[in-house]
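Take a look at the structure set out below.
The values are calculated or read from the model by the stated rules, or taken from the named source; none is laboratory data. Owing to the predicted nature of the structure, the values given are computational and were not obtained by experimental measurement. Reconstructed Cβ throughout: ideal geometry from the backbone, glycine too, with neighbour counts over all protein chains shown. For the accessible areas, the whole protein counts, side chains as well, though only heavy atoms, and no ligand, DNA or RNA atoms are used. Shrake-Rupley method; radii C 1.70, N 1.55, O 1.52, S 1.80 Å.
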Amino acid sequence: MNHICYYPLILAVIISCNPKSSSDQAAANVNSPAPSGMVWIPGGEFTMGTDEEESYDAERPAHRVKVDGFWMDEDEVTNEQFKKFVDATGYITVAERKPEWGQLKKQMPPDSKRPPEENLIPGSLVFTPPSYAITLDDYSQWWSFRPGANWKQPEGPGSNVEGRWNHPVVHVAYDDAVAYCAWIGKRLPTEAEWEFASRGGMESQRYGWGAEFRPQEKYMANTFQGVFPGTNAGEDGFSGSSPVRTFPPNRYGLYDMIGNAWEWTSDYFHANYYSELAKSRVSVNPQGPQKSYDPREPYAEKRVTRGGSFLCANDYCVNYRPSARQGTAFDSGMSHVSFRCVLSIKDVKK
């Protein structure tokens, strides 16, 4: 197995949005009209994470978790939906703001020196496949910070989202996702809610649709085919992101829970968190650890992202599974990170 890839870029301040869910009146909501664009996830007890050999340390150990029912967006937030938010509020994303050194240095080693002022410019991390042979031990060979890259200009100045309005919005940092959720009256899912929904009621299956990655030779998600990172054969029909709802939904009616774009959750990423949860017989509605910790980047503040993306390849990182998870710097905007929203019953009552 290859290592999980982490992509740090420190750019902004955290806004918190993480209310707890409730299962009151859950049975009634199964038959109630769904909020527009959402489906009811019934909740229940399941095994979160995995102990299977072909997995990553961050997914282990497996442990029992119970979540209450909730509503979840059928698909990832699209460019069109995000534009409505920006037009209504004038919101400026993290990737469009000039980085502040006072915030940057909080997540860097104490002896870090201030970068030159000309380097403190708005931008985001853009996937840039190399045209030459490389090793897979340094992700900076295919990720580059591009000034001017943001959700409106995904590849940088000169690019746009015309023809991609129904693709998932990308280059959104954690704060951006939280701000959108607050505007529309929803929230980000907890990591436990996200995994439960992604499994689609198929707890023991490796993928969100069953035991095989390509049942009857059919692609079920937008992932990477070819030789990562330089050659994407696009056998599934796409070499980049795809329109939402292109691939089949899972049994809960959710699209693109696997592949297309990584999705933000509300939980901090902590390398030892699963070991703590495993000490309990069943953890009920876990909200994540109190702080972030990644031993490989101990100063970075990370949130959990889930689901993999169009860049997940079986020769590099097989993160196109419900249990797969990674920590992503909360202020990172990237070519393959998006989000979707959820609602608890008490949120609907409001």
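Answer yes or no: is there a residue in segment 207-230 that is open to solvent by less than 60 Å² (accessible area, probe 1.4 Å) and among the charged types (D, E, K, R).
no
One line per residue, one yes/no per condition, for (1) open to solvent by 40 Å² or more (accessible area, probe 1.4 Å); (2) among the polar types (S, T, N, Q); (3) part of a strand (DSSP E or B); (4) over 20 Å from Gly327 (Cα atoms):
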residue	(1), (2), (3), (4)
Lys66	yes, no, yes, yes
Glu80	yes, no, no, yes
Lys83	yes, no, no, yes
Ser124	no, yes, yes, no
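Which residue out of Gly226, Gly208, Gly230 is touching a Pro at 6+ places or on another chain (Cβ under 7 Å), over 23 Å from Ser266 (Cα atoms) and modelled with pLDDT under 95? Steps first, please.
Working: Gly226 fails: touching a Pro at 6+ places or on another chain (Cβ under 7 Å); Gly208 fails: over 23 Å from Ser266 (Cα atoms).
Testing whether each residue is touching a Pro at 6+ places or on another chain (Cβ under 7 Å), over 23 Å from Ser266 (Cα atoms) and modelled with pLDDT under 95 leaves just Gly230.
Is it the case that Thr89 is out of contact with any Cys (no Cβ under 9 Å at 6 or more places or on another chain), more than 17 Å from Gly148 (Cα to Cα) and open to solvent by 50 Å² or more (accessible area, probe 1.4 Å)?
yes
Taking only segment 92-122 into account, find how many residues are outside any helix (DSSP H, G or I), closer than 25 Å to Ala182 by Cα and open to solvent by 40 Å² or more (accessible area, probe 1.4 Å).
5
Quickly run through segment 291-350 and pick out the residues that are basic (Lys, Arg), open to solvent by less than 10 Å² (accessible area, probe 1.4 Å) and more than 21 Å from Ser198 (Cα to Cα).
Lys302
Report the residue count in segment 129-168 for those that are assigned to a loop (DSSP other than H, G, I, E, B), free of Cβ contacts under 8 Å to residues at least 60 places away in the same chain and open to solvent by less than 50 Å² (accessible area, probe 1.4 Å).
3
So which residues in segment 19-53 are at pLDDT below 55, open to solvent by 40 Å² or more (accessible area, probe 1.4 Å) and of a type in the set (Gly, Ala, Ser), if there are any at all?
Residues satisfying the conditions are Ser23, Ala27, Ala28.
May I ask you to list the residues in segment 55-112 that are at pLDDT 95 or above, in contact with a Lys or Arg (Cβ under 9 Å, 6 or more places away or on another chain) and of a type in the set (Phe, Trp, Tyr)?
Listed by number, the list holds a single entry, Trp71.
Can you tell me which residues in segment 289-343 are over 15 Å from the mean Cα position of the chain (by Cα), closer than 25 Å to Lys66 by Cβ and part of a loop (DSSP other than H, G, I, E, B)?
Correct list: Pro289, Gln290, Lys291, Ser292.
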